[in-house]
Amino acid sequence: MPIVQPNQAIVDSAINLYQAARNANNNDINIFQPGLVREFIIALQLGHNVNTNKREHDAESTGNPPEMYEYLTAFGNSSFQIDRVISDTNQRVQQLNRITRNDKIYFASFNKQDLSLITIWELHNVQHMSDEANNQLNSASSNVQIKHLTFSRRWLNDAVTNNHATIVFP
């Protein structure tokens, strides 16, 4: 990454954004939490509520009881990732719970230039993703303890073709 000189206008805008987010949400939000702005953009598009607790699902429906959702994001044509997954088979169920606790998984592609949404896919067969994650963990080198699970566009398009997922935006 290049070295950049601090810019007062950017700092001022960031402070204003931080204060606006806290004022709108009773001081219970850190708008700079990684991925949170993208989660807000997705939730606004889909009519969901955002869950700001990092150890839980990303969003939920407005129904009662609410459905739980996970959001994975990428810029452009990049793959989607779930990071910091422990590959130890003794912790496998707990690690896969990051996927299986959700009713649906949403994959959202963003334009890196202006943060606009390009495409959102809805994976309604969460077990399909859990199976793929399990396959990736099983194929991990035995000396790799922490792994990033990667879900490519090809995998996602195959999920659409096989009726595990649909494109919901645009």
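In sequence order, what are the phi-derived ³J(HN,Hα) couplings for region 54-62 according to the Karplus relation 6.51 cos²θ - 1.76 cosθ + 1.60 with θ = phi - 60°, rounded to whole Hz, with x for glycine and proline?
5, 8, 10, 4, 7, 8, 8, 6, 8
Would you please give the residues with an amide H less than 5 Å from that of F169, counting only those at least 5 places away or on a separate chain, with H modeled from the backbone geometry?
For F169, the qualifying residues are I120.
Rounding to the nearest 10 and keeping the result within 0 to 90°, find how far the Cα-based axis of helix 36-46 lies from the longest principal axis of the chain.
The angle comes out near 80 degrees.
Using 0.36 nm times the number of residues separating H148 and N97, minus their current alpha carbon distance, what extension gain do you get? Can you show the working numbers first?
Values: separation 51, 0.36 × 51 = 18.36 nm, distance 1.51 nm.
16.8 nm is the gain from fully extending H148 to N97.
Return the calculated 222 nm mean residue ellipticity for the chain, to the nearest 500 deg cm²/dmol, obtained by summing -39500 (n - 2.57) across DSSP H runs with n ≥ 4 and dividing by the residue count.
On the way: 5 runs with 59 residues, N = 170.
The helix contribution divided over the chain gives -10500 deg cm²/dmol.
Any idea how far the Cα center of region 67-87 sits from the one of region 93-170, in Å?
Spelled out, the Cα-based centre of one part sits 6 Å from the other.
Taking the 0 to 90 degree range and rounding to the nearest ten, how far is the long axis of helix 8-24 tilted relative to the main principal axis of the chain, both from C-alpha atoms?
70 degrees
N53 to Q5: FRET efficiency via 1/(1 + (r/R0)^6), r the Cβ-Cβ distance, R0 45 Å, to the nearest 0.05?
Details: r = 36 Å, r/R0 = 0.79.
Efficiency for this residue pair is about 0.80.
I'd like the Karplus ³J(HN,Hα) series for region 105-116: coefficients 6.51, -1.76, 1.60, θ = phi - 60°, whole numbers in Hz, and an x wherever there's a Gly or Pro.
Each residue's phi maps through the Karplus curve to give 10, 10, 10, 10, 9, 10, 7, 5, 6, 10, 6, 7 Hz.
Starting at the first residue of region 96-102, write each ³J(HN,Hα) from the Karplus equation 6.51 cos²θ - 1.76 cosθ + 1.60 with θ = phi - 60°, in whole Hz, x for Gly and Pro.
6, 4, 4, 9, 6, 5, 9
Name the long-range amide H neighbours of K104: under 5 Å, sequence gap of 5 or more, or other chain; modelled H, no Pro or chain starts.
Residues meeting the criterion, in which the H sits 1.01 Å from N, are M68, E70.
By how many nm would the segment from S78 to N64 grow when fully extended, if each residue of separation counts as 0.36 nm and the alpha-carbon distance is taken off?
On the way: separation 14, 0.36 × 14 = 5.04 nm, distance 3.48 nm.
Working it through step by step, the gained length comes to 1.6 nm.
Which of D58, D28 has the fewest other C-beta atoms within 10 Å, and how do the rest follow up to the most?
Values: D58 25, D28 8.
Ranking D58, D28 by Cβ neighbours within 10 Å, fewest first, gives D28, D58.
How large is the charge dipole for region 33-169, taken about the Cα centre, if only the Cβ atoms of Lys, Arg (+1) and Asp, Glu (-1) carry charge, to the nearest 20 debye? Please list the in-between numbers first.
Working: 12 positive and 14 negative charges, 69 e Å.
Charge dipole of region 33-169: 340 debye, to the nearest 20.
Where a number appears in this text, it was derived from the coordinates with a stated rule and is not lab data. Note that this is a predicted model, so its numbers are computed, not measured. As a convention, Cβ positions derive from the backbone with ideal geometry for all residues, glycine included, and neighbour counts pool all protein chains shown.
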